[in-house]
1. For the stretch 30-53, how many residues are exposed (fewer than 12 other Cβ atoms within 10 Å of the Cβ), assigned to a loop (DSSP other than H, G, I, E, B) and either touching a helix residue (DSSP H, G or I) at 6+ places or on another chain (Cβ under 7 Å) or not polar (S, T, N, Q) (or both)?
2. Filter the stretch 63-75 down to the residues that are closer than 18 Å to residue 13 by Cβ and either at pLDDT 95 or above or of a type in the set (Val, Ile, Thr) (or both) and list them by number.
3. In the stretch 54-75, which residue that is hydrophobic (A, V, I, L, M, F, W, C) and more than 21 Å from residue 18 (Cα to Cα) is surrounded by the most Cβ atoms within 10 Å (Cβ to Cβ)?
Amino acid sequence: KDEWDLGHIKGAIHIPLGDIMEGNYSQISKNTPVGLYCRSGRRADIALEALKKAGYTNIVNLGGITDIKNIEIVK
């Protein structure tokens, strides 16, 4: 199973880091609140920096999936 199948936030949209680095995230409006996360939080931090450089301002790194509390995780 891949990471997404092992658990993700209910209602989340899966956009791999590679897609973000290539600029393939047009489905995200620049004014939409965005919470980024991955297994440990490191890739989410890289994605956050890339999105900041692209002009996104309403984004936050939620960290690793196991660190996320009070949000429903589904498999």
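The values are calculated or read from the model by the stated rules, or taken from the named source; none is laboratory data. Note that the structure is a prediction, hence the values are computed from the model and not measured. No Cβ is skipped: glycine too gets one built from the backbone with ideal geometry, and neighbour counts run over all protein chains shown.
1. The qualifying residues number 1.
2. 65, 68, 71, 73, 74
3. 68
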